[in-house]
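Visitor: Take a look at this one; I'll ask things after.
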Amino acid sequence: MAEPTPAAIVGSGLCIGCGSCGADAGRDMAWDRNGLRAPVGALDMAGEAFARTCPFSPQARDEDAIAAARFPTAPVVDPRIGRFESAHVGHVAEGDFRSGGSSGGLVSWVANELLRTGAIDGVAHVVPTDGADGVFFRYAISRSAEDVARGARSRYFPVDLAAVIREIRATPGRYAIVGVPCFIKAINLLRAEDAVLAERVTHLLGLFCGHMKSAAFVDSFAWQLGALPEQVRAVEYRRKDAGRPANWYTAQLELADGSVRDRDWWHLADGDWGAGFFQASACNWCDDVVAETADIAFGDAWVEPYASDGRGTNVAIVRSPELRDMIADGVRGGRLSLEAVDADFIADTQAAGLRQRREGLAYRLTWPRSGITPRKRVAPGRGDLGWRRRLIYRARYAISRDSHCMARLARRTGQSWLYVRWAAMMLGLYQGLAYHRGWAGRLFDWLERRR
Ligand SMILES: Cc1cc2nc3c(=O)[nH]c(=O)nc-3n(C[C@H](O)[C@H](O)[C@H](O)COP(=O)(O)OP(=O)(O)OC[C@H]3O[C@@H](n4cnc5c(N)ncnc54)[C@H](O)[C@@H]3O)c2cc1C
């Protein structure tokens, strides 16, 4: 097999834009035409560490190998959620962490606790920018409780690690990094090659991940909320409301004139997470939902009664003994309100994501493709997938691919309705297949009965 280069990974639709290669001399990160991050500069060099450090390189160690080396004594090894010491559901009880966070505020609490106890000097996470040039979020290193709080909440916006990797290499200290699973894998792979990063990046805080979206999702919000994308200054993907279920997402835009527009996701043409609008191509080839290589990983408790609690509730998987003890200490002191749960509980909260990354991935791996073939822990195969489920995976893949083109077309022609009407039609089709809803649902149900 030819050694993968950054150009080959990008050309094969496998680059997530994490920035681990973009931090190297001769390379940087930039926006691609779809509103995703991608490396630029020297992209054709083979024979370097890249093949071992790119998280989507088939020659890199996989999540099982990384986690086995990092957490050899973990008492539980589960094929869905990886190795772990303990697992929990609940929220932060002290301070404003819960109200300020997207779920139960646990990520910010752990980051803050690591800073407070002197375990780290800084935490690299995602913070809002001033919104100039359509860039609303970026990675930055926070060194105080105030800055950690400013960076709270989930940002479904493309970001990359290149600048913070450079800053960590240049500035002695101990750091934690917060990231989605592939970013955490990238840092683990980099640490194995780079002694400075290995010494300085001491803690990895993972976020569960359904998929990464492109920056065009914000354009789409603007189009549907009657604004121009150029007018947007700030974005809130999930405004919290204690009086409504946590999974009733509300998107909010702040415009240049100070006005605010908002809409619930389910009233948006592309507001169904499962349909895959604006998903990065690499996410089709990922098999890690729950940051299996992070010291601790956090998600939303998407099961009842927690999903209906608008104040937000976390699930957390603790993989390192050090963080297991920190969490246990927080619970003992009444600062955290957490209950112990098992692997089944956590997997149930991520049932859709796991289906897409196991059954769905196995199916996608049977499709002919060009370029580099991803090496996954899931074997290619259709199993006993019925035609309807196969169509769901096909529809999701097509929506994720074509939403980028349709948004580009709408932007270029100035005709936002082209995208919005197409999205509404595709959503109808997807929801008909997946939830038996609307005209498409009746059509597919009829077809199913005739078979
Ligand atoms: C792209 C994406 C997809 C996700 N998909 C799922 C999913 O399918 N299922 C699920 O249960 N949970 C998912 N999550 C995680 C979930 O949205 C919450 O982030 C998580 O439950 C932690 O909530 P919290 O209240 O503890 O965090 P908070 O206290 O609100 O802190 C969140 C922390 O994450 C950092 N952060 C925000 N966005 C990013 C980003 N893009 N990259 C790196 N760091 C970031 C913030 O800077 C902050 O430090 C996803 C998150 C992201 C960013």
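The values are calculated or read from the model by the stated rules, or taken from the named source; none is laboratory data. Predicted model, so just to flag it, every value in this text is computed and none were measured. Neighbour counts are summed over all protein chains in view; Cβ atoms, including those assigned to glycine, are modelled from backbone coordinates with ideal geometry.
Visitor: So how many residues does the stretch 278-301 have that are part of a loop (DSSP other than H, G, I, E, B) and within 14 Å of the chain's Cα centre (by Cα)?
Guide: Of the residues in the stretch 278-301, 10 are part of a loop (DSSP other than H, G, I, E, B) and within 14 Å of the chain's Cα centre (by Cα).
Visitor: Do we find a residue being of a type in the set (A, V, I, L, M, F, W, C), under 16 Å from Trp273 (Cβ atoms) and not assigned by TED's automatic domain parsing to the domain that holds Arg319 anywhere in the stretch 395-402?
Guide: Taking every residue of the stretch 395-402 in turn, at least one turns out to be of a type in the set (A, V, I, L, M, F, W, C), under 16 Å from Trp273 (Cβ atoms) and not assigned by TED's automatic domain parsing to the domain that holds Arg319.
Visitor: Any idea which of Asn284, Asn314 is closer than 30 Å to Arg421 by Cα, assigned by TED's automatic domain parsing to the domain that holds Ser57 and not hydrophobic (A, V, I, L, M, F, W, C)?
Guide: Working: Asn314 fails: closer than 30 Å to Arg421 by Cα.
The match here is Asn284.
Visitor: Considering only residues of the stretch 252-264 that are touching a helix residue (DSSP H, G or I) at 6+ places or on another chain (Cβ under 8 Å) and not in a strand (DSSP E or B), which is nearest to the ligand (Cβ to nearest atom)?
Guide: Residue satisfying both the conditions and the ranking: Ala256.
Visitor: Filtering the stretch 29-51 down to residues that are surrounded by fewer than 16 Cβ atoms within 10 Å (Cβ to Cβ) and charged (D, E, K, R), which residue is farthest from Val10 (Cα to Cα)?
Guide: Glu48
Visitor: How do the helices (runs of 4 or more DSSP H) wholly within the stretch 140-212 filter down when requiring 1 or more residues that are more than 13 Å from the ligand (Cβ to nearest atom) and crowded, with 21+ Cβ neighbours inside 10 Å: which remain?
Guide: Those helices (runs of 4 or more DSSP H) span 162-170, 181-191.
Visitor: Hey, among Gly105, Gly26, Gly35, Gly11, which residue is under 30 Å from Pro305 (Cβ atoms) and either in the same structural domain as Phe183 (by TED's automatic domain parsing) or modelled with pLDDT under 95 (or both)?
Guide: Gly105
Visitor: Moving on to the next point. Among the strands (runs of 3 or more DSSP E) confined wholly to the stretch 60-132, which include 1 or more residues that are of a type in the set (Val, Ile, Thr) and free of Cβ contacts under 8 Å to residues at least 40 places away in the same chain?
Guide: The qualifying strands (runs of 3 or more DSSP E) are 76-78, 122-128.
Visitor: Now, a different point. Arg33: in contact with a Leu (Cβ under 7 Å, 6 or more places away or on another chain), in a loop (DSSP other than H, G, I, E, B) and farther than 20 Å from Val201 by Cβ, yes or no?
Guide: Answer is no for this residue.
Visitor: For the structure I just gave you, tell me whether Ala242 is over 27 Å from Cys15 (Cβ atoms), within 15 Å of the ligand (Cβ to nearest atom) and in contact (Cβ under 8 Å) with a residue 12 or more places away in the chain.
Guide: Yes.
Visitor: When the stretch 15-40 is examined, which residues are found to be of a type outside the set (A, V, I, L, M, F, W, C) and farther than 13 Å from Ala162 by Cα?
Guide: Initially, the stretch 15-40 is screened for residues of a type outside the set (A, V, I, L, M, F, W, C), giving 17, 19-20, 22, 24, 26-28, 32-35, 37, 39.
Correct list: Asp32, Arg33, Asn34, Gly35.
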